[in-house]
1. What is the spin-label model distance, in nm, from B:A170 to B:E46 if the labels are put 7 Å beyond Cα along the C-beta direction?
2. With n ≥ 4 as the cut-off for DSSP H runs, can you work out [θ] at 222 nm for chain A, using -39500 (n - 2.57) per run divided by the number of residues, rounded to the nearest 500?
3. Which helices of chain A meet both criteria: a Cα extent of 24 Å or more along the helical axis and a mean Kyte-Doolittle score no lower than -0.5, with helices taken as whole DSSP H segments?
4. Just want the answer: with Cβ charges of +1 for Lys and Arg and -1 for Asp and Glu, which residue in A:F52, A:L14, A:Y85 is farthest toward the dipole's positive end in chain A?
5. Can you list the residues of the stretch A:36-55 that have at least 50 square angstrom less accessible area with all protein chains present than in their chain by itself, probe 1.4 Å?
6. Need one number: buried accessible surface between chains A and B, 1.4 Å probe, both sides summed, DNA, RNA and ligands left out, in Å² to 100.
7. Size of the dipole of chain A about the Cα centre, Lys and Arg at +1 and Asp and Glu at -1 on the beta carbon, nothing else charged, in debye to 20?
8. Explain nothing, just the number: dipole magnitude of the stretch A:1-96 about its Cα centre with +1 on each Lys and Arg Cβ and -1 on each Asp and Glu Cβ, in debye rounded to the nearest 20.
Amino acid sequence: MISELDLLVQAQKLEPRALAEIYDLYSPRLYRYAVRLLGDACAAEDCVAETFSRFLQAVRGGRGPRDYLQAYLFRTAHNFVVDHYRHQKPEGILNDDTPDCENTEENASLNIRQQRVRFALAELTSEQQQVIALKFLEGWENDEIARVLNKPVGAVKSLQHRGLAHLQKILLDEEA
Amino acid sequence: MNQDDKIDPRLAALLDELKPASVRDPKAAARARSRFLTQAVSASEEQRHSIWTIFQQKEKFAMNIIMSSLVVLGLLFGGSATVSAAQDDLPTQPLYQIKLVSEDAKVWFESDPTLKIEMLMEQAQTRTEEMAALTLAGVTPPADLAIRAQDRIQQALQLTATLDDATMLATLERIRTHLQTQDQLMLQLQDGTCTECEPILQRTRDMLHTQLGQVEDSLANPNQFRNQNQNQVRTTQTPLATGSAVTPQTSCTPALDGTGQQNGNGNPSAGTPMPQDNGNNQNNNDNGSGNGNMNENNNDSGGGDGNGNGAGDGSASDPGGQGGKP
């Protein structure tokens with residue numbers, strides 16, 4: 001199996017096969033990440049398309065990632081997510097991506113809870129959002145997240161601590 | 001997770017509710033992949049062209065000839081800017097003919113066989129990219145795009161047989177990669193985006209598979225490949241077809257038969273040529289000499305219909321800035 005670094009080297013030469021392999025490897029994960037944070041299948045598809053488009057543009061311009069491809073792609077995808085929330089008012093973002101389910105009432109309730117968490121996440125700083133999302137939704141380790149943020153692991157822990165505290169304040173104290 | 005990752009269970013439960021992401025629509029995913037691949041292949045093509053341009057600068061003599069001919073062509077067709085502007089045109093667009101003529105001219109004046117082969121394969125790939133762009137725009141690609149692609153591949157293979165052993169094998173490998181890339185692109189397009197396009201896409205894939213099979217055989221048995229092709233070159237004395245201005249060749253094989261199979265390498269069985277959209281393109285003589293070469297002495301097509309020009313959605317913005325708070 002070809003390593004991420006080898007793929008990246010070939011991608012920098014704009015080898016179509018390497019680019020296709022990168023797409024196949026990361027596109028499902030980026031989609032899952034985006035749809036969790038955006039709650040909208042169309043927006044998530046846009047996010048994936050935009051991420052890879054930016055990646056291709058960067059590689060063409062010699063500005064692509066030199067290492068840690070995964071970190072680069074998730075960072076780019078997260079920028080899209082942040083921009084998405086920045087340009088849309090919360091009431092404008094309604095989840096119409098309701099999964100098929102017999103119990104629509106329960107489904108709607110889940111939908112509302114999910115949106116509440118998404119809006120709460122959107123209240124955090126971009127870096128806090130990334131740490132919380134990558135850690136608790138995607139299950140990444142601190143060192144992997146540190147590469148995305150270009151920060152030391154200690155800073156990641158600190159961001160996580162502050163992010164969780166803020167999230168707790170929004171979601172749990174609100175309930176209380 | 002370690003001690004640092006301790007989280008209030010209620011908060012954890014809320015976050016967990018985001019985890020079951022909905023299943024991705026396979027059609028949307030395939031379309032997105034297809035668009036990206038088209039962008040990627042285009043980017044790759046552009047880069048290769050620029051590499052070739054650098055080489056031109058080194059080969060001053062060849063460059064002078066090429067540039068002179070392009071200037072003449074440019075003047076003929078209304079200025080060099082026109083030639084340049086034509087390079088991104090699709091078969092449905094007015095400058096497409098100029099693009100084809102300039103491609104022919106490039107091949108005609110290239111003296112290095114290795115570069116000529118690379119150029120031919122790039123042009124074959126350009127044809128499949130054009131098919132992709134039209135398909136994505138919902139326009140059925142004209143059949144002669146596939147025929148042109150096949151013609152270029154066959155010319156490349158014939159030239160490859162004239163190279164020394166090591167170069168021949170390396171070139172065959174590159175041709176195989178080209179063909180696989182094109183096949184992959186065609187496969188991605190068969191995702192139901194354009195149902196009317198399916199037959200031509202499938203026939204193109206069949207053609208690519210036939211050529212791939214030929215390349216695989218050649219890699220397994222290089223001597224046989226060399227002998228077959230050199231015999232063909234001797235018997236046909238084939239100048240490289242330049243589309244608009246070549247003498248008719250004495251031997252050719254239909255592009256594709258109804259099942260997408262090619263009559264190559266001594267199989268004189270007749271096949272039905274791929275349907276033409278304008279019918280003025282080919283002097284394909286199905287004469288049964290079976291050299292596996294589709295000679296296209298055409299007047300160029302300009303066929304096609306509609307106004308399709310979709311070539312993916314590649315937005316070109318730089319990575320967005322790190323967003324602050326929404």
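The values are calculated or read from the model by the stated rules, or taken from the named source; none is laboratory data. What you see is a predicted model; the values in this text were computed from it and never measured. Neighbour counts run over all protein chains shown; Cβ positions are idealised from the backbone, glycine included. Ligands, DNA and RNA are stripped out before the accessible areas are found, and what is left, the full protein with its side chains, is counted by its heavy atoms. Shrake-Rupley method; radii C 1.70, N 1.55, O 1.52, S 1.80 Å.
1. Once both label points are built, they end up 2.8 nm from each other.
2. Values: 8 runs with 121 residues, N = 176.
So the helix-based figure for chain A works out to -22500 deg cm²/dmol.
3. Numbers: long enough: A:16-38 (30 Å, -0.05); A:41-60 (28 Å, 0.36); A:69-87 (27 Å, -0.38); A:104-122 (26 Å, -0.61).
Both cut-offs are met by A:16-38, A:41-60, A:69-87.
4. Projecting each Cα onto the dipole axis, the largest value belongs to A:L14.
5. A:R36, A:E45, A:S53, A:R54
6. On the way: alone 10260 and 16270 Å², together 21680 Å².
Counting both chains, the buried surface is close to 4900 Å².
7. On the way: 21 positive and 27 negative charges, 193 e Å.
Computed about the Cα centre, the dipole is about 920 debye.
8. Values: 12 positive and 13 negative charges, 68 e Å.
In total the dipole reaches around 320 debye.
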